[in-house]
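Heads up: the structure comes next, in structure tokens.
The values are calculated or read from the model by the stated rules, or taken from the named source; none is laboratory data. In this text the structure is predicted, and so the values were computed from the model without any measurement. Every residue, glycine among them, receives a Cβ derived from its backbone with ideal geometry; neighbour counts consider all protein chains shown.
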Amino acid sequence: MKRTLLFLLPFTMLAYACQPSGANGHAATQDTVATTDTAPDSTAASRLIAARDADTIAIEDLPYADRYIVVADTGFSYQPLQAKLLQLKAATHLEVDSMGRYYNPQKHRIVLPDDDEDEIYAGEYYPRRDQGEYLSLEYLYVYSRYTEDSMMALITGIYPDEAAAKAALPAIKAQVPTAFTMKASVYTGCMH
């Protein structure tokens, strides 16, 4: 259900005014094949709305971009990943960027505060999509369709190309030998 909602969100949100990425401090991703790195122009948006209204999805018209993710570790339990995040922070130059999210034990989810200024995502998980080097706990399903919804990942960076991700990997592998890189198709369009 969560994957379906995350996938359908870009379609339902196109009618709302768009803000530039990061304007509200949040970012978002999707795991689908795409061919573009820019926001849709009015023609692409018109085709998307027409496709949505016709109950068809024109994936090639959606604003997705290939990104390369460095993953230090994965797991189903938040506390061990958070402990590893703090160890990596101490051992590397990387800063932690939670985007204001925290682990809510009642929901068993990483979420924004219920009173977050973003009314759409308040109390819900808001995935990262911006490029950069930072330590962050994310849900892996955002970057890969081949995982369970509750699988979390300790991310150490999102990069525009494979070479950049592979160049960053050795510093992480020195601390976490099982760290790896993965290619993801990241939604770069408006989420509001």
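Results, tabulated for the structure shown:
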item	result
All strands (runs of 3 or more DSSP E) inside the range 74-192 with 1 or more residues being in contact with a helix residue (DSSP H, G or I) (Cβ under 6 Å, 6 or more places away or on another chain), at negative phi and at pLDDT 95 or above	102-104, 132-139, 152-159, 180-187
Failed item, numbered, when ASP97 is tested on (1) in contact (Cβ under 8 Å) with a residue 60 or more places away in the chain; (2) within 14 Å of TYR134 (Cα to Cα); (3) surrounded by 15 or more Cβ atoms within 10 Å (Cβ to Cβ); (4) not hydroxyl-bearing (Ser, Thr, Tyr)	(1)
Yes/no for TYR146 being of a type in the set (Phe, Trp, Tyr), exposed (fewer than 13 other Cβ atoms within 10 Å of the Cβ) and assigned by TED's automatic domain parsing to the domain that holds PRO160	yes
Checking ALA167 against (1) within 17 Å of HIS93 (Cα to Cα); (2) touching a His at 6+ places or on another chain (Cβ under 9 Å), the condition it does not meet	(2)
Search result, residues across the range 112-142 that are surrounded by 19 or more Cβ atoms within 10 Å (Cβ to Cβ) and of a type in the set (Val, Ile, Thr)	VAL142
Test result for ALA184, among the small types (Gly, Ala, Ser) and out of contact with any Asp or Glu (no Cβ under 7 Å at 6 or more places or on another chain)	no
The range 76-85, residues that are under 9 Å from MET152 (Cβ atoms) and either surrounded by 16 or more Cβ atoms within 10 Å (Cβ to Cβ) or of a type in the set (Val, Ile, Thr) (or both)	TYR78, LEU81
